[in-house]
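The values are calculated or read from the model by the stated rules, or taken from the named source; none is laboratory data. Remember, it's a predicted structure, so these values are computed and weren't measured experimentally. Reconstructed Cβ throughout: ideal geometry from the backbone, glycine too, with neighbour counts over all protein chains shown. In case anyone asks, the SASA skips ligands and DNA or RNA and just uses the protein heavy atoms, side chains included. Shrake-Rupley method; radii C 1.70, N 1.55, O 1.52, S 1.80 Å.
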Amino acid sequence: MPTYAQLEGLYRISYYLTYLALQPIHLVCVDERSKNLFVLAGYDEEIEIEIAPNGEVF
């Protein structure tokens, strides 16, 4: 399960991608090794975003 900080980051990223950048989101999952939330987005799946458990976005 993602942390509350990750969910807040996911909301901000999702809003930006879908409403401002008009990019589709293809995949959202939690990496069990690092506990980071992973987002794959973009028409050609070229946007990769990770959100750390503390909410930091990479």
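Things to note:
- Dipole in debye (nearest 20) - the range 1-55, about Cα centre, beta carbon charges: Lys, Arg +1; Asp, Glu -1: 240
- Length-normalised contact order of the range 8-58 in % [C-alpha pairs under 8 Å, at least 6 apart]: 28
- Cα-Cα P(r), the chain, percent of pairs per 5 Å interval: 4, 22, 32, 23, 14, 4, 0
- Exposure ranking of V57, V30, V39 by accessible area [1.4 Å probe, largest first]: V57, V30, V39
- Net charge over other residues, Cβ less than 14 angstrom from the Cβ of P53 (K, R count +1; D, E count -1): -3
- Dipole orientation for the chain: of the candidates L10, S34, L20, L10 has the Cα lying most toward the positive pole (charges on Cβ; Lys, Arg +1; Asp, Glu -1).
- Crossing angle, helix 4-15 versus the chain [Cα axis fit, 0-90 degrees, rounded to tens]: 0
- In this simple spin-label model, placing a label point 7 Å from the Cα along the Cα-to-Cβ direction at both Y19 and E48 gives a separation of 2.9 nm.
- Residues R33, R12 ordered from highest to lowest accessible area at a 1.4 Å probe: R33, R12.
- L7 paired with V30, simple spin-label distance in nm, labels 7 Å along Cα-to-beta-carbon: 1.1
- Accessible surface of the chain, 1.4 Å probe, proportion on carbon and sulfur as whole %: 59
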